[in-house]
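Each remark here refers to the structure printed beneath this line.
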Amino acid sequence: MKIRRNALLRGAVDVLILYSDTRGLDEGRALCRGRSRAPGSAFAYSLLFRALELWQGARELPEAAIDARGKPFFPERPDWHFSLSHTRGFVLAAVSASPVGADVQLRDGRGERLAERLMSEREREDFDFYELWSLRESLYKLTGEGGLRDMRFERRGGLIVPPKAGAFCRVYADIPGCAAAAASCAEPLPERLIRVEGEKICT
């Protein structure tokens with residue numbers, strides 16, 4: 001991580017995405033307080049602090065606020081964009097020099113029952129349910145536009161084509177038992193996620 005941090009602090013990377021496995025950890029020990037009562041919120045903000053520390057050398061987590069569409073942001077650092085996601089046992093944090101959306105979905109078996117109803121025939125050929133839903137969530141977090149059920153994605157020549165002109169999307173299989181995705185209007189999105197040990201986001 002030290003090598004990556006040095007590169008990042010020189011401005012070599014615009015988007016950084018981290019994840020942690022929080023299974024078996026006590027959220028009461030999280031480094032930072034949560035911003036909601038939802039389980040995983042404190043872990044997500046603690047991972048965000050680690051992401052900002054790695055990306056910008058931050059020594060503390062800036063105070064967050066919520067904009068008109070419910071997206072968290074840093075009023076004092078409008079140039080630091082971020083997106084958070086948590087699912088049972090895992091948290092994800094993306095930080096970027098431009099707006100970004102990121103999402104993680106646990107492969108819990110429910111998606112297979114929903115695929116036919118919530119995916120087009122083309123989407124079922126190009127993605128599994130969890131990949132597609134994480135793509136939809138990440139694009140919505142990026143733009144705040146559209147309904148999740150109505151978004152249509154496809155692959156062309158190995159590239160993911162989202163329903164938003166100028167957006168770039170990527171799916172990730174780095175997290176055990178999960179699908180993850182990110183969306184940005186600025187390339188490039190990282191090829192891999194960075195794992196942070198769960199104890200690193202705890203006191």
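The values are calculated or read from the model by the stated rules, or taken from the named source; none is laboratory data. Bear in mind that the values here come from a model prediction, so they are computed numbers and not experimental data. Every residue, glycine among them, receives a Cβ derived from its backbone with ideal geometry; neighbour counts consider all protein chains shown. These area figures cover heavy atoms from the full protein model, side chains too; ligands, DNA and RNA do not enter into them. Shrake-Rupley method; radii C 1.70, N 1.55, O 1.52, S 1.80 Å.
Values for this structure:
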| item | result |
| --- | --- |
| Of residues in the stretch 144-162 being in a loop (DSSP other than H, G, I, E, B) and open to solvent by 70 Å² or more (accessible area, probe 1.4 Å), the one nearest to residue 191 (Cα to Cα) | 157 |
| Members of the stretch 14-42 that are of a type outside the set (Gly, Ala, Ser) and open to solvent by less than 50 Å² (accessible area, probe 1.4 Å) | 15, 16, 17, 18, 19, 21, 22, 25, 32 |
| Residues satisfying the stated conditions in the stretch 94-112, i.e. at pLDDT 95 or above, more than 15 Å from residue 55 (Cα to Cα) and not in a loop (DSSP other than H, G, I, E, B) | 101, 102, 103, 104, 105, 106 |
| Qualifying residue in the stretch 182-194 (condition: among the aliphatic types (A, V, I, L, M) and in contact with a Gly (Cβ under 9 Å, 6 or more places away or on another chain)) | yes |
| Any chance residue 172 is under 15 Å from residue 17 (Cα atoms) and not hydrophobic (A, V, I, L, M, F, W, C) | yes |
| In the stretch 117-132, the residues that are assigned to a helix (DSSP H, G or I) and surrounded by fewer than 23 Cβ atoms within 10 Å (Cβ to Cβ) | 117, 118, 121, 122, 123, 124, 125, 126, 129, 131 |
| Extreme residue, nearest to the chain's Cα centre (by Cα), among residues of the stretch 13-27 that are more than 11 Å from residue 47 (Cα to Cα) and assigned to a loop (DSSP other than H, G, I, E, B) | 14 |
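Residue-by-condition table, conditions (1) touching a strand residue (DSSP E or B) at 6+ places or on another chain (Cβ under 9 Å); (2) open to solvent by less than 40 Å² (accessible area, probe 1.4 Å); (3) closer than 16 Å to residue 101 by Cα:
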{"site": "44", "(1), (2), (3)": "yes, yes, yes"}
{"site": "47", "(1), (2), (3)": "yes, yes, yes"}
{"site": "56", "(1), (2), (3)": "yes, no, no"}
{"site": "60", "(1), (2), (3)": "no, no, no"}
{"site": "65", "(1), (2), (3)": "yes, yes, no"}
{"site": "69", "(1), (2), (3)": "no, no, yes"}
{"site": "75", "(1), (2), (3)": "yes, no, no"}
{"site": "79", "(1), (2), (3)": "no, no, yes"}
